[in-house]
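Let me begin by presenting the structure, written as structure tokens, before commenting on it.
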Amino acid sequence: RKPATTYTIEASAGANGTISPSGSVSVTSGGSQTFTITASTGYEVAGVVVDGGFKGRITTYTFMDVTANHTISVTFE
């Protein structure tokens, strides 16, 4: 039985907020991973970009049934 394949989600946040978890997050093939986005006091989410596509001003995002590497980045204003 071969080991499960894992993929990497690169999560990053700009200044004035955080994404959790952040950095290189490993996900087993077929698994899911939720990211929580938190703006610092006095700021708000400006936008979330997943794999190059704008997802809006959201505070959580879940990758479902992961079968490839992904990126998620967030900016604040």
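If you project the alpha carbons of the chain onto the principal axes, what extent comes out on each, in Å, largest first?
That gives 52, 19, 14 Å along the principal axes, largest extent first.
Once phi is turned into θ = phi - 60°, what whole-Hz ³J(HN,Hα) does the Karplus curve with 6.51, -1.76 and 1.60 give for every residue of region 66-77, x standing for Gly and Pro?
For region 66-77, the Karplus-derived couplings read 5, 9, 7, 6, 9, 10, 9, 9, 9, 10, 10, 9 Hz, x marking Gly and Pro.
Considering only Ile19, Ile37, Ile58, give the residue with the highest GNM mean-square fluctuation for the chain, with springs between Cα atoms whenever their separation is below 10 Å.
Ile58
Calculate, for Lys55 and Thr8, the FRET efficiency according to 1/(1 + (r/R0)^6) with r their C-beta to C-beta distance and R0 25 Å; round to the nearest 0.05.
That pair, Lys55 with Thr8, gives E of 0.85.
Over the chain, what relative contact order in percent results from Cα pairs under 8 Å that are six or more residues apart?
Here the relative contact order equals 38 percent.
In whole percent, and with a 1.4 Å probe on the protein chains, what portion of the accessible area of the chain is carbon and sulfur?
Within the chain, the accessible surface is 47 percent carbon and sulfur.
In terms of modelled amide H atoms, which long-range or inter-chain residues lie less than 5 Å from the amide H of Ala46?
Answer set, sorted by chain and number: Thr75, Phe76, Glu77.
Hey, can you grab everything whose amide H is under 5 Å from the amide H of Gly31? Only 5+ residues off in sequence or another chain; H modelled, so Pro and N-termini drop out.
Long-range HN contacts for Gly31: Val66.
Quick one: Karplus J couplings for region 23-37, per residue in order, coefficients 6.51, -1.76, 1.60, θ = phi - 60°, nearest Hz, x for Gly and Pro?
Once rounded to whole Hz, the list reads x, 8, 10, 8, 10, 5, 3, x, x, 10, 8, 9, 10, 10, 10.
If the chain between Glu77 and Thr34 were fully stretched, how many nm would it gain, using 0.36 nm times the residue separation less the Cα-Cα distance?
13.2 nm
Given a 1.4 angstrom probe, what's the average accessible area per residue across the chain, in square angstrom?
For the chain, the per-residue accessible area is 59 Å².
Using the Karplus curve 6.51 cos²θ - 1.76 cosθ + 1.60 with θ = phi - 60°, what ³J(HN,Hα) values do you get for each residue of region 4-10, in whole Hz, with x for Gly and Pro?
Once θ is set to phi - 60°, the couplings for region 4-10 become 5, 6, 10, 10, 10, 10, 8 Hz.
The values are calculated or read from the model by the stated rules, or taken from the named source; none is laboratory data. On a predicted model such as this, the values are computed, not experimentally measured, just so you know. Cβ sites come from the backbone with ideal geometry, for glycine too, and all protein chains shown count toward neighbours. These area figures cover heavy atoms from the full protein model, side chains too; ligands, DNA and RNA do not enter into them. Shrake-Rupley method; radii C 1.70, N 1.55, O 1.52, S 1.80 Å.
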